[in-house]
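Since the structure comes first, as structure tokens, the remarks are kept for the end.
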Amino acid sequence: MKPAVSMAGTVAVLLTALLAAQETKPVPKDSMRVTIPGCSRGYVFVAGPRTPDEPGSAEIPEGMRLRMNGSKKLMAEIKSREGSTIAITGLIRKGQRPDGAGIGGVRVAPASPGSIVGNPVANQIQIDVEGWRPAVGSC
């Protein structure tokens, strides 16, 4: 009976080690993992300023709005932090780059053929949120 107990203990240790090794998912080739400080409101995240100690991702300019996708539990946690600055980590597809030029905090870009004019959600960048943490700053 003792060998069965030690076998179960060995299996438990191996499973724990395997789970610990798989903490982060591999990044698909068409995506990149980013960490962005800012503020959330519903499912929209507004990128905030970078600080020297927490630079975030350079491709996401301050003031850019991103549409967050995530599990219900994760989104509920983020929603409970509305009004506080947080940093989210997630995956963004590489093809979702902001077009146009930033002028006075507003992004000006030509309309693409077949685009939906007047719909701010149509060209919004999507981020698949993997996690979040509190950050320095105010909303």
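Inside segment 82-96, can you point out the residues that are in a strand (DSSP E or B) and among the charged types (D, E, K, R)?
Within segment 82-96, 93 is the sole residue that qualifies.
Between a first residue in segment 59-75 that is in a loop (DSSP other than H, G, I, E, B) and a second residue that is surrounded by 15 or more Cβ atoms within 10 Å (Cβ to Cβ) and of a type in the set (Lys, Arg), which pairs have beta carbons less than 9 Å apart while being 6 or more apart in sequence or on different chains?
These pairs meet every condition: 61/107; 62/50; 63/107; 64/107.
Answer with yes or no whether residue 57 is modelled with pLDDT under 90, over 21 Å from residue 137 (Cβ atoms) and surrounded by 14 or more Cβ atoms within 10 Å (Cβ to Cβ).
The answer is no for residue 57.
Just to be sure before I move on: is residue 78 surrounded by 17 or more Cβ atoms within 10 Å (Cβ to Cβ), modelled with pLDDT of 90 or more and not in a strand (DSSP E or B) in the structure I sent?
yes
The values are calculated or read from the model by the stated rules, or taken from the named source; none is laboratory data. Computed from a predicted structure; not experimentally measured. Cβ: placed from backbone, ideal geometry, glycine included. Neighbour counts: every protein chain shown.
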